[in-house]
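Chemist: I have a structure I would like to understand better, so I am pasting it below and will then ask my questions one at a time.
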Amino acid sequence: MDNLVANNIVDITLENFQQVILQESREKMVLVDFWAEWCEPCKDLMPILEKIAGEYPDSMILAKVDCEQQQEVAAQFGIRNLPTVMVVKDGQPVDGFAGAQTETQIREMLAKYLPQPEDEYLEKAMQAISQGDYQGAFPLAKQAFELGEDNLEAKLLYIDCMIETGSINQAKELLATIKMVEQDNRFHALNSKIELAEQASQSPEMQKLKEAVEQNPNDLQLKVDLAVQLQQAHKADEALELLYQVLLEDLNFGDAKKIMLDMINALADGDALKSSYRRKVYSLLY
């Protein structure tokens, strides 16, 4: 490998064109910067591109083409205006721009092709889910979402973890923020999951218990029984609220306190319900 490529900034010539543009671009994103000595905007742009390249030594190559010296290379790309910048993946130009751009605009364009801070958490969350461990995946998915709220993958994964760990209402609210153009098969699958969870909480047995609670608002045992059923139907938020109401009435009623603490502990780390209800219970206890 050319030493310059190892440092991820390289001057393109006819000799190394094939290696960098065709071969290296199969492993890394290659950003090709077409410039010339007489082009002032090119000189403004180059330090920005070099700065970005310096941040991604393992996943990006900045390939600079001096169009005065390398007219054949420029001709192969059909370059008409300077500066021109192209993103090359697998030997093919896939994106780019001509003319001056701000650093923010350039970073926005490159974000699609470069690793993002949330990617590592996303990968670990997916591994946990592949083993059926939604509890373990939840804090990782949450972290990925918080680092990249516009990252659709992170958002969908976080919603899936919410559904599986019982935060149905929160999952529903976040799912509703997904734009129409992004509503793919995964979106519809999650929507169906929420509907199934809601149907489970509308079962005849559940309805009967809900009606009994409404008719006997002072029967604390009925509320505890309903909370247990709601928890089993992935409605942890509703279950915890019911148990909290019971403890407000009578802190030592039956197994209510134990059941509630068990439910809180069963929630995934990072779940907002876990911290908020833990605080509520502790405020009653101490």
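Please treat every number below as a calculation from the coordinates, not as lab data. Source: prediction; values computed, not measured. Cβ sites come from the backbone with ideal geometry, for glycine too, and all protein chains shown count toward neighbours.
Chemist: Of Lys124/Lys208; Lys28/Lys193; Lys124/Lys179; Lys193/Lys223; Lys179/Lys257, which sit over 32 Å apart, Cα to Cα?
Modeler: With Cα atoms farther than 32 Å apart: Lys124/Lys208; Lys28/Lys193; Lys179/Lys257.
Chemist: Using the alpha-carbon atoms, what tilt in degrees (0 to 90, nearest 10) does helix 256-266 show relative to the longest principal axis of the chain?
Modeler: Long axis of 256-266 versus the principal axis of the chain: about 20 degrees.
Chemist: Which order do Cys161, Cys39 fall in if you start with the one that has the fewest other Cβ atoms within 10 Å? Please list the in-between numbers first.
Modeler: On the way: Cys161 27, Cys39 17.
So the residues, fewest neighbours to most, are Cys39, Cys161.
Chemist: Another one. Please find the FRET efficiency linking Asp225 to Tyr282, where r is the Cβ-Cβ separation and R0 is fixed at 25 Å, and quote it to the nearest 0.05.
Modeler: 0.50
Chemist: Also, I was wondering about something else. Just going by the charge dipole of the range 113-228, with Lys and Arg at +1 and Asp and Glu at -1 on Cβ, which of Pro204, Ile163, Gly136 is farthest out on the positive end?
Modeler: Going by the Cα projections, it comes out as Pro204.
Chemist: Determine the relative contact order of the range 1-84: mean sequence separation of Cα pairs under 8 Å and six or more apart, normalised by residue count, in whole percent.
Modeler: Relative contact order here is 43 percent.
Chemist: For a quick check: sort Glu238, Glu214 by the number of other beta carbons within 10 angstrom, fewest at the front.
Modeler: Fewest-to-most ranking of Glu238, Glu214: Glu214, Glu238.
Chemist: At a threshold of 8 angstrom on Cα-Cα distance, excluding pairs fewer than six apart, so keeping six or more, what relative contact order does the range 113-179 reach in percent?
Modeler: Numbers: 64 pairs, mean separation 18.1, N = 67.
In percent, rounded to a whole number, it is 27.
Chemist: If you count the DSSP beta bridges with both ends in the chain, what percent of them are antiparallel, to the nearest 5?
Modeler: Given both bridge residues lie in the chain, the antiparallel proportion sits at roughly 55 percent.
Chemist: With an 8 Å Cα cut-off and a minimum separation of 6 or more residues, compute the relative contact order for the chain in percent.
Modeler: Reported relative contact order: 13 percent.
Chemist: Further question: Rounded if a/c is under 1.5, else prolate if a/b beats b/c, else oblate: with a ≥ b ≥ c from the C-alpha gyration tensor eigenvalues square-rooted, which is the range 119-199?
Modeler: Oblate, since a/c reaches 1.5 and b/c is not below a/b.
Chemist: Now, a different point. Could you calculate the contour length gain from Arg80 to Arg186, that is, 0.36 nm times the residue separation minus the distance between their Cα atoms, to one decimal place in nm?
Modeler: Contour length minus the Cα-Cα distance gives 34.0 nm.
Chemist: For the pair Arg26 and Gln116, what calculated FRET efficiency results from E = 1/(1 + (r/R0)^6), where r is the Cβ-Cβ distance and R0 = 22 Å, to the nearest 0.05?
Modeler: Working: r = 21 Å, r/R0 = 0.95.
Taking R0 as 22 Å, the efficiency between Gln116 and Arg26 is 0.55.
Chemist: Please list, or write none, the aspartates and glutamates whose alpha carbon is within less than 13 Å of the alpha carbon of Lys43, excluding same-chain residues fewer than 8 places away.
Modeler: List returned: Asp33, Asp66.
Chemist: Work out the FRET efficiency for Glu149 and Ile48 from their Cβ-Cβ distance, taking R0 = 25 Å, and round it to the nearest 0.05.
Modeler: On the way: r = 25 Å, r/R0 = 1.01.
For R0 = 25 Å, the calculated efficiency reads 0.50.
Chemist: Once all Cα-Cα distances of the chain are split into 10 Å bins that start at 0, what whole-number percent is in each one?
Modeler: 6, 22, 21, 16, 13, 10, 8, 4, 1
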